[in-house]
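Remarks on the structure that follows.
Read-outs throughout are calculated quantities, based only on the coordinates presented, and are distinct from any laboratory measurement. From a predicted model like this one, the values you see are computed outputs, not experimental measurements. Every residue, glycine as well, gets a Cβ built from its backbone with ideal geometry; the counts of neighbours run over all protein chains shown.
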Amino acid sequence: MNDIHAGSTPILQFGTSRFLLAHADLFISEALENGEAPGGITVVQTTGNAESLARIVALSEGEGYPVRVRGMIDGRPSDEVKTGRAVLGGLSAATDWVSVRRAFVAADIVISNTGDRGYELDARDTAETVADRTRPPLSFPAKLAVLLLERFEERPDAAVSLYPCELIQNNGDRLQDIVRQLAVDWKFPSAFLAHFDRDCHFANSLVDRIVSEAIQPVGAVCEPYGLWAIERKDGLILPCRHPSVVLTEDLLPFERLKLHILNLGHTVLAELWRQAGSKPDALVRDAIAGSDGQRLDQIWREEVLPGFASVGMGDEAADYIRITRERFENPFLDHRLADIAGNHAEKARRRIGAFIEWIDENGSVPMPNLREILAQAQG
């Protein structure tokens, strides 16, 4: 790959997803225009996916990529094209491992979005196999462990901030624990472990933006709404300052709002869709405009909002419900209910059942509609 800029960017990113291109990478690009980001990004492909490889090739040209932002803003349709310019180079872990190592040593900020299974380990990564630094380990946590060790060897006093963006609760803490255990199991030096505990700052974060489709060979279509909530931690170097990036003492309220309003709303609509016969091409925007939308409005108004109010989050919930409904109404987003309905019973348990349990612990709010929908989804 063309790695002209690799090794000179302060930010290294694992993952080429269209989500990151339209989320963190676009925020950093916009922040750079205002002098509110430390510099550009080198992106690393960690899978053998052909589309991901095509993105890396296109990103390596360093000419930017389009992000089409389409949706509702203050009740009116908006459609504009932005250009992401923060990504300056692209590498493949499989074929450019030496360059990846060099880029990692130089970077002070690491971003990742490696998918739902990105933290899984591979039994073929062992102390013996990872000792050969000419070849990348197979799992992402193993790659991170050996790269952090090499960075420590070359820059022993340099702190690093890591921003996992995988949709895993306490993603930073989880990844930190996995990587540290690998370092212990593989008998990395005690000086490295001290450095790891002192200077490697893993941030818990929550990302939220609907990125509906890719633009080939590189680019994305997304909604106007975007959020990157980052839990404050001593020593963190921020990837940028941006209106969509929120630094918070506590991520849990953000997670509750997303899970029990937006995700809950999707699951309610999916269950009503199932009851009506599961038309394959039914869309969220059509459902919210009809009788199912009226039913969801009632549930939000009479059950979800009082539930949040009972735990002191009524104002935040009211604002988030308003924003969420506008997101569901997006006239440009072909969000199929069939896609949302995958793994339906488990989603209902986490999104609806957990909300009922949480509110029941903190007060008494009747939720007959939610209880009925939960029972139907799991029945």
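When the chain is treated as a GNM with alpha-carbon contacts under 10 Å, the residue of ASP234, ASP116, ASP339 showing the greatest mean-square fluctuation is ASP234. With one equal scatterer per alpha carbon and no solvent term, the Debye-computed log10 I(q)/I(0) for segment 93-234 at 0.10, 0.20 1/Å reads -0.37, -1.30. Within a Cβ distance under 12 Å of PRO38, other residues only, what is the Lys/Arg minus Asp/Glu net charge? Residues near PRO38 contribute -1 overall.
Our estimate of slack between TRP358 and THR129, defined as 0.36 nm per intervening residue step minus the Cα-Cα distance, is 77.9 nm.
Available extension along the chain between ILE168 and ARG301 is 45.0 nm, counting 0.36 nm per residue and deducting the alpha carbon span.
P(r) tail for the chain: Cα pairs beyond 39 Å make up 21% of the total.
As a length-normalised measure over Cα pairs under 8 Å and 6 or more apart, the relative contact order of segment 219-296 settles at 23 percent. Stokes-Einstein, applied to the Kirkwood radius of segment 310-356 over Cα pairs at a viscosity of 0.890 mPa s and 25 °C, places its translational diffusion at 191 µm² s⁻¹. For segment 1-135, a simple Cβ point-charge model (Lys and Arg +1, Asp and Glu -1, everything else neutral) yields a dipole of about 140 debye relative to the Cα centre. Within the same chain, lysines fewer than 8 places from LYS258 are excluded, and of the rest, those with a Cα less than 17 Å from its Cα are LYS347.
Looking at segment 188-266, the DSSP beta bridges with both ends there are about 65 percent antiparallel. Most tightly packed first, judged by the mean number of other beta-carbon atoms within 10 Å of their residues, the peptides 10-21, 205-216, 256-267 read 10-21, 256-267, 205-216.
The share of C-alpha pairs in segment 53-121 whose separation exceeds 19 Å stands at 56 percent. Over segment 249-377, the alpha carbon radius of gyration divided by the compact-protein estimate 2.2 N^0.38 Å works out to 1.00. Annotation: lysines with alpha-carbon distance below 30 angstrom to LYS187 (same-chain offsets under eight excluded): LYS143, LYS233. Averaging 1/r over every pair of different alpha carbons in segment 42-173 and inverting the result gives a Kirkwood radius of 16.8 Å.
Helical runs assigned H by DSSP (4 residues or longer) give the chain a calculated mean residue ellipticity at 222 nm of -12000 deg cm²/dmol, each run adding -39500 (n - 2.57) before division by the residue total.
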